[in-house]
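The values are calculated or read from the model by the stated rules, or taken from the named source; none is laboratory data. Just so it is clear, the structure is predicted and the values come from calculations on it, not from any experiment. Cβ atoms come from the backbone with ideal geometry, glycine included; neighbour counts cover every protein chain shown. Quick note on the areas: whole protein, heavy atoms, side chains included, nothing else; ligands and nucleic acids left out. Shrake-Rupley method; radii C 1.70, N 1.55, O 1.52, S 1.80 Å.
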Amino acid sequence: MNRFFAITASTVLMTASISAAYAAPNSGDQLSARKAKDVHATLALMDQQIANISDTALLMNRGIYQGVDDFDFQADELTDLTSQVNGIGHELTVIEAERSSLPQWQTAAVNQILPIMHQIATESTQAINTFNDDKLRLFASNYGVETNEISNNAEKAAHLLHDDIKLSNDKAVEGRLTATFDEQNTAGTK
């Protein structure tokens, strides 16, 4: 029981940090090229981590509906899920510290996933509470609905973030091609 109290507290802390970070201002200044690449790499990693959250919650959900009412399995998966959600929360907090100097697309990407991650943290806390209250009859509780919502929301966040990263990469390639084309045109007219 103490193990899950710590998990709940961690998830709640992650929820609070996302709420505070979402209110941070954006002055529109640009990061250095290196910082922008670091944030880009972090967002790409977060895309994979959020997809893992979706997969973990889906496994938990399927375990309930396939009759695997295994306390240890669900407890371990809840621990993993909480660690994953808190990891994303930490990364978002680090990115949010740089919010005022993020490029536009990175700010927009973070703005899209912050409310969803906040919801996932809240749903994770609800799933933990349901597990603690109804661990002997999870199939008859809201646990399945809660884990399904976590999975669906994480899938949605991962999809949004993935699309933003892909669009950014496409724009970067387009910019490089345009610069090369302009350079070749300029060299050809001299």
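For the reader, a short list of remarks on this structure follows.
- Residues in the range 72-105 that are open to solvent by less than 10 Å² (accessible area, probe 1.4 Å), within 22 Å of His159 (Cα to Cα), among the aliphatic types (A, V, I, L, M) and part of a helix (DSSP H, G or I): Leu81, Val85, Ile88, Leu92, Ile95.
- Evaluation of Lys35 against (1) modelled with pLDDT under 55; (2) of a type outside the set (A, V, I, L, M); (3) open to solvent by 80 Å² or more (accessible area, probe 1.4 Å) (one fails), failing number: (1)
- Residue in the range 50-71 that is nearest to Gly144 (Cα to Cα), counting only those that are under 16 Å from the mean Cα position of the chain (by Cα) and either open to solvent by 50 Å² or more (accessible area, probe 1.4 Å) or modelled with pLDDT under 90 (or both): Leu58
- Of the set (1) more than 29 Å from Asn129 (Cβ to Cβ); (2) touching a helix residue (DSSP H, G or I) at 6+ places or on another chain (Cβ under 7 Å); (3) not acidic (Asp, Glu), all apply to Gln104 but (2).
- Unique match (being more than 25 Å from Ala140 (Cβ to Cβ), open to solvent by 10 Å² or more (accessible area, probe 1.4 Å) and modelled with pLDDT under 85) among Ala108, Ala24, Ala44: Ala24
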